[in-house]
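The values are calculated or read from the model by the stated rules, or taken from the named source; none is laboratory data. What you are looking at is a predicted structure, and each value in this text was computed from that prediction instead of being measured. A quick note on method: Cβ atoms are made from the backbone with ideal geometry, for glycine too, and the neighbour counts reach across all protein chains shown.
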Amino acid sequence: MIDKAIELISDPARWTTGVMARNKDNESVDYSDPEACRWCVLGALKKVGFTTDQIWPLIDRCVKKYGIGLVVANDDHGREAVIEMLKGLSSENQT
């Protein structure tokens, strides 16, 4: 499922910061809102089916592996950093 989240935010036009999701008018909406067209990393993970209980361990793994959580990475370090972190977590799951 991590790969699906990566795919969702791989296009810069589908990524956002500061909120879980935004609509075409750049307004904050719920990640599951049919009008949502841009997601932060957490919104993307929720959109593709991760539960909150599944996201917390991912955040913990990020902190241990990268020294930073997903939310801070999303908002302060950018989409490409988040995608690289998610790819690293995804490759751990495949080994």
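Observations
- Cβ-Cβ distances below 7 Å connect the following pairs, each with a first residue in region 18-47 that is more than 18 Å from Ile6 (Cα to Cα), a second residue that is outside any loop (DSSP other than H, G, I, E, B) and basic (Lys, Arg), and a separation of six or more residues or different chains: Ser28/Arg22; Val29/Arg22.
- Residues of region 14-34 that turn out to be in contact with a strand residue (DSSP E or B) (Cβ under 6 Å, 6 or more places away or on another chain), part of a loop (DSSP other than H, G, I, E, B) and aliphatic (A, V, I, L, M), as a count: 1
- Restricting attention to region 85-95 and to residues that are over 11 Å from the mean Cα position of the chain (by Cα) and not hydroxyl-bearing (Ser, Thr, Tyr), the residue that is farthest from Thr17 (Cα to Cα) turns out to be Gln94.
- Criterion: at pLDDT 95 or above and touching a Ser or Thr at 6+ places or on another chain (Cβ under 7 Å) - qualifying residue of Asp25, Asp75: Asp75
- Filtering Val71, Val19, Val48 for residues that are touching a Lys or Arg at 6+ places or on another chain (Cβ under 8 Å) and surrounded by 14 or more Cβ atoms within 10 Å (Cβ to Cβ) leaves a single hit, Val48.
- Checked against the criteria, Leu42 does not count as touching a helix residue (DSSP H, G or I) at 6+ places or on another chain (Cβ under 9 Å) and surrounded by fewer than 19 Cβ atoms within 10 Å (Cβ to Cβ).
- Among the residues of region 35-76, those identified as under 24 Å from Asp25 (Cβ atoms), not in a loop (DSSP other than H, G, I, E, B) and not β-branched (Val, Ile, Thr) are Arg38, Trp39, Leu42, Gly43, Ala44, Leu45, Lys46, Lys47, Asn74, Asp75.
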